[in-house]
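The values are calculated or read from the model by the stated rules, or taken from the named source; none is laboratory data. Quick caveat: nothing in here was measured; it's all calculated off a predicted structure. Cβ atoms come from the backbone with ideal geometry, glycine included; neighbour counts cover every protein chain shown.
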Amino acid sequence: MKNVITLGVETSCDETSIAIVKNGREVLTNRISSQIDLHKKFGGVVPEVASRKHIETIDYILDDALNEAKLSLNDIDNIAVTYGPGLVGALLVGLSYAKALSFALDKPLIGVNHIEGHISANYIEYPDLKPPFVCLIVSGGHSHLVYIKDYGKYEILGRTRDDAAGEAFDKIARAMNLGYPGGPIIDDLAKKGNEDAIDFPRSYLEEDSFDFSFSGLKSAVLNYLNSMKQKGEDIVVEDVCASFQNAVIEVLVDKTVKLANMKNSKIIAIAGGVASNSGLRELMKKKAGEYNIEVKYPSRLLCTDNAAMIASAGYYNYINNKYSDLSLNAVPNLKLGD
């Protein structure tokens, strides 16, 4: 069987990334240009700035990727690109670029859902991983609990009803002037704090619900910080970070393990930026281990937005003949399964 070489393009937020992946699993190159330092001074991603930076760098990233993989554009079999969800201006840069390549090279264009890409990062990390399994996708913009029935076939059981988990991390970090992005900073500080120091609420919603809600927890932390300032009392930042983080990850872990048991799944995968959180990884392994459930997660690089995961997802769309045409548009609020 002929090897399938997929070129992946990812520009949904503030990473410009191009990757080349063989047969959906073997990464030949995964070039990522991060804009974190650019957006740090604003305390978050500025969409217009992100879009302009994608335009400036994407040509160079493609050249780097082809050089590293020692391939030419003629060696590519299909072009996979994120078309949503994400920042509309940023998405349009990658989408327009991929369309131009598809047209010029006469190669199939494969539109990829960014969330599906995060799931597929686990296929790269674990070459033997196959559906079905349960996957928790947690990032700055998304909190999903999904049963992966087959490649490209998803049963979405849980979504966030307000703030995504990563969004809550960033907002609490901003409130404490810790810097951006907030997730890794809070994770590091939490290791030095007492997770039982402050009793922040856990929102489990209805008994049978797999949805998430973090706005109440976020408000509780902000109220605590304001109350301490008004009383002139010292805030132990490490304890706030540890207590807040534990309140988030306990809910994520409990609901994920509950779903795995309900679906008789012996594998839980986690994906997205928050999947690199050490507290989440440790607690998930501990709780899942009580039921002999194996926990898988990508390396930290593959947890971030990257084109290798888009190429992997694109490969499975390609072999299942799920092609896109040149009318494909950016869908900033794209839902998984659409």
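A single member of F244, F214 is modelled with pLDDT under 95 and either surrounded by fewer than 22 Cβ atoms within 10 Å (Cβ to Cβ) or not acidic (D, E) (or both), and it is F214. The residue list V240, V253 contains one member that is under 23 Å from M176 (Cβ atoms), of a type outside the set (S, T, Y) and touching a residue at least 24 places away in the same chain (Cβ under 8 Å), which is V240.
Total residues in region 12-45 satisfying the condition of being modelled with pLDDT of 75 or more, outside any loop (DSSP other than H, G, I, E, B) and among the basic types (K, R): the figure is 2. Looking only at residues of region 168-198 that are under 20 Å from N226 (Cα atoms) and acidic (D, E), we find that the one that is nearest to the chain's Cα centre (by Cα) is D170.
Every residue, every condition in (1) crowded, with 16+ Cβ neighbours inside 10 Å; (2) closer than 23 Å to A247 by Cβ, yes or no:
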residue: N261; (1), (2): no, yes
residue: K266; (1), (2): no, no
residue: I270; (1), (2): yes, yes
residue: G273; (1), (2): yes, yes
residue: S278; (1), (2): no, yes
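Which of the residues that make up region 66-86 are aliphatic (A, V, I, L, M) and surrounded by fewer than 23 Cβ atoms within 10 Å (Cβ to Cβ)? Listed by number, the residues that qualify are L66, A69, L71, L73, I76. The selection criterion, being out of contact with any His (no Cβ under 7 Å at 6 or more places or on another chain), touching a residue at least 12 places away in the same chain (Cβ under 8 Å) and not in a helix (DSSP H, G or I), holds for L71. Checking each residue in region 74-96 for being in a helix (DSSP H, G or I) and of a type in the set (A, V, I, L, M, F, W, C) picks out V88, A90, L91, L92, V93, L95.
Selection of region 97-116 for residues being in a helix (DSSP H, G or I), touching a residue at least 24 places away in the same chain (Cβ under 8 Å) and surrounded by fewer than 24 Cβ atoms within 10 Å (Cβ to Cβ) yields Y97, K99, L101, S102, F103, L105. With respect to the conditions (1) in contact with a His (Cβ under 9 Å, 6 or more places away or on another chain); (2) at pLDDT below 95; (3) among the small types (G, A, S), S143 falls short on a single one, namely (1).
Summed over region 297-331, the residues that are closer than 30 Å to D187 by Cα, surrounded by fewer than 18 Cβ atoms within 10 Å (Cβ to Cβ) and of a type outside the set (D, E, K, R) give a count of 2. Among the residues of region 149-160, is any of a type in the set (G, A, S), in contact with a strand residue (DSSP E or B) (Cβ under 8 Å, 6 or more places away or on another chain) and under 19 Å from S276 (Cα atoms)? No, region 149-160 contains no residue that is of a type in the set (G, A, S), in contact with a strand residue (DSSP E or B) (Cβ under 8 Å, 6 or more places away or on another chain) and under 19 Å from S276 (Cα atoms). For region 263-276, the condition holds for at least one residue, the condition being that it is at pLDDT below 95, assigned to a helix (DSSP H, G or I), under 20 Å from the mean Cα position of the chain (by Cα) and among the hydroxyl-bearing types (S, T, Y). Within region 172-210, being surrounded by 18 or more Cβ atoms within 10 Å (Cβ to Cβ) and charged (D, E, K, R) holds for D187, E195.
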